[in-house]
Amino acid sequence: MSKTVQTERAPAAIGPYSQAVIVGDLIFTSGQIPLDPATGLMVGETITEQTHRVCKNLEAVLAAAGSSPARVVKTVCYLSDMADFAAFNQVYAEYFTGKPARSCVAVKALPKGALVEVEVIAEKE
C-alpha cells in the first residue's frame, strides 16, 4: 500500500502526479524543477541558482515524507545542457553528501524551460 506526499513547502505538481509516494520504507519523489513554492514561478537563470532551488524543493518533499537528503540512495538528474555538468555537480555535492547512486543525462527540453530536474529515491528515517 502506498501513501502520497503533499507539502506547501515545495511546488505543487504541475500535472497529474504526486510530489512523492511512500512505499514501505522507501520514498520516490517526482522530478523537481526550480519553481518557487509560493509563486509557482521559475527561480534563477543559471544552473547554479536553479540547482539550489531544485535541491531545496527536494529537501522539503523529503522532510514531509519523513526523510532527508542524507537518506537518499539514488538520484536521477536531467540537464538541458551537458555543458552545465561541472557547475551542477558543485551544487549537487553540497546537498547529497552521502554520494548516492546516480544517473545524469542531458535531455532536449525540460518543463517550463528549466535547466535542471532531479528526482530521488530515499529511505524513511
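The values are calculated or read from the model by the stated rules, or taken from the named source; none is laboratory data. The structure presented is a predicted model; accordingly, all values stated were derived computationally and were not measured. Counting neighbours? That spans all protein chains shown, and the Cβs are built from the backbone with ideal geometry, glycine included.
Among the residues of region 73-84, write down those that are buried (at least 18 other Cβ atoms within 10 Å of the Cβ), in a strand (DSSP E or B) and not aromatic (Phe, Trp, Tyr).
Within region 73-84, Thr75, Cys77, Leu79 qualify.
Considering each residue of region 1-26, count those that are assigned to a loop (DSSP other than H, G, I, E, B) and either aromatic (Phe, Trp, Tyr) or surrounded by fewer than 14 Cβ atoms within 10 Å (Cβ to Cβ) (or both), and give that number.
Residues in region 1-26 being assigned to a loop (DSSP other than H, G, I, E, B) and either aromatic (Phe, Trp, Tyr) or surrounded by fewer than 14 Cβ atoms within 10 Å (Cβ to Cβ) (or both): 11 in total.
Looking only at residues in region 1-60 that are hydrophobic (A, V, I, L, M, F, W, C) and closer than 13 Å to Ala114 by Cα, which one is nearest to the chain's Cα centre (by Cα)?
Val54
Anything in region 27-59 that is surrounded by fewer than 17 Cβ atoms within 10 Å (Cβ to Cβ) and touching a Phe, Trp or Tyr at 6+ places or on another chain (Cβ under 9 Å)? List them, or say none.
Listed by number, the list holds a single entry, Thr48.
Can you pull out every residue in region 27-67 that is within 26 Å of Ser2 (Cβ to Cβ), in contact with a Lys or Arg (Cβ under 9 Å, 6 or more places away or on another chain) and in a loop (DSSP other than H, G, I, E, B)?
Residues satisfying the conditions are Ile33, Pro37, Ala65, Gly66, Ser67.
Give the residue, chosen from Ala63, Ala38, that is closer than 17 Å to Glu125 by Cα, of a type outside the set (Asp, Glu), out of contact with any helix residue (DSSP H, G or I) (no Cβ under 7 Å at 6 or more places or on another chain) and modelled with pLDDT of 95 or more. Write out each step before concluding.
Values: Ala38 fails: closer than 17 Å to Glu125 by Cα.
Of Ala63, Ala38, the one residue that is closer than 17 Å to Glu125 by Cα, of a type outside the set (Asp, Glu), out of contact with any helix residue (DSSP H, G or I) (no Cβ under 7 Å at 6 or more places or on another chain) and modelled with pLDDT of 95 or more is Ala63.
Scan Ala101, Ala70, Ala87 and give me the residue that is surrounded by fewer than 19 Cβ atoms within 10 Å (Cβ to Cβ) and touching a Phe, Trp or Tyr at 6+ places or on another chain (Cβ under 9 Å).
None of the other options fit; the residue is Ala70.
If you scan region 93-125, which residues turn out to be among the β-branched types (Val, Ile, Thr), in contact (Cβ under 8 Å) with a residue 40 or more places away in the chain and closer than 28 Å to Glu45 by Cβ?
Answer for region 93-125, where residues must be among the β-branched types (Val, Ile, Thr), in contact (Cβ under 8 Å) with a residue 40 or more places away in the chain and closer than 28 Å to Glu45 by Cβ: Val116, Val118, Val120.
Taking the conditions exactly as written (of a type in the set (A, V, I, L, M, F, W, C), touching an Asp or Glu at 6+ places or on another chain (Cβ under 7 Å) and assigned to a strand (DSSP E or B)), does Val105 satisfy them or not?
no
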